[in-house]
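I have placed the structure first, in the form of structure tokens, so that the comments after it can refer back to it.
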Amino acid sequence: MRIHKPKIVDLSGNLISDWPQPQNDSFEEKYSTEVESLILNGNKLNTLNMQAVNESFSKLIKLDLRSNNILFISQFAALPILEVLDLGCNQLTRVPAKFFESVPNLSQLYLDNNQIEFLPPELCDLTSLKHLAIQLNHFSYIPASLFYLDLESLGLEWFNYLEPQIRSPFPPKNAPSDTMTTLLLLARRMCELD
């Protein structure tokens with residue numbers, strides 16, 4: 001039987017702990033050149049090696065790494081056509097500023113349900129970003145410039161971690177807001193809405 005080079009590969013729930021594998025007679029070597037969507041959620045990965053992803057999957061548009069054990073992102077390399085990245089439900093404590101330079105065309109970024117305490121201002125350099133999920137983290141600070149992105153949806157839940165309570169979760173009055181259609185607020189401690 002001949003297997004064609006797939007555009008979508010779903011390896012969810014396979015207990016994979018080391019990926020991508022070194023190039024030998026591996027899956028990546030045989031099939032990766034045409035893969036546009038790679039789904040690896042529900043595995044046991046603990047590191048995202050951007051350089052290895054770029055070398056193995058140069059045409060990748062969507063990368064789903066939700067529900068793994070990813071602790072950090074390493075070895076930066078550009079993924080210039082990547083549009084969707086799901087790193088939700090992992091163990092990330094930070095996202096390095098250099099990371100955002102490596103994914104300039106992201107339109108959807110899911111960082112929800114991690115342990116992230118700080119988002120670098122470079123996040124706001126993602127001018128193609130339309131959907132951002134950052135709820136259920138441990139933020140003490142979010143860059144104000146975040147509200148100047150041309151987002152269609154934004155998931156937030158960081159108010160619970162602040163003392164004193166935040167007065168309003170909404171963007172500054174001079175921030176453009178005509179394109180955002182969804183603002184998901186999972187806060188339970190707001191004391192005032194503007």
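Every read-out reported here was derived from the displayed coordinates using simple, explicitly stated rules and does not represent laboratory data. Worth saying up front: this structure is predicted, and the values here are computed from it rather than measured. Note that we place each Cβ from the backbone using ideal geometry, even for glycine, and neighbour counts take in every protein chain shown.
Brief remarks follow.
- Difference of contour (0.36 nm per residue) and Cα-Cα distance, GLN115 to ASN14: 33.9 nm
- Residues in segment 87-106 reached by a label modelled at TYR141 [backbone nitrogen below 14 Å; 7 Å Cα→Cβ]: 95, 97
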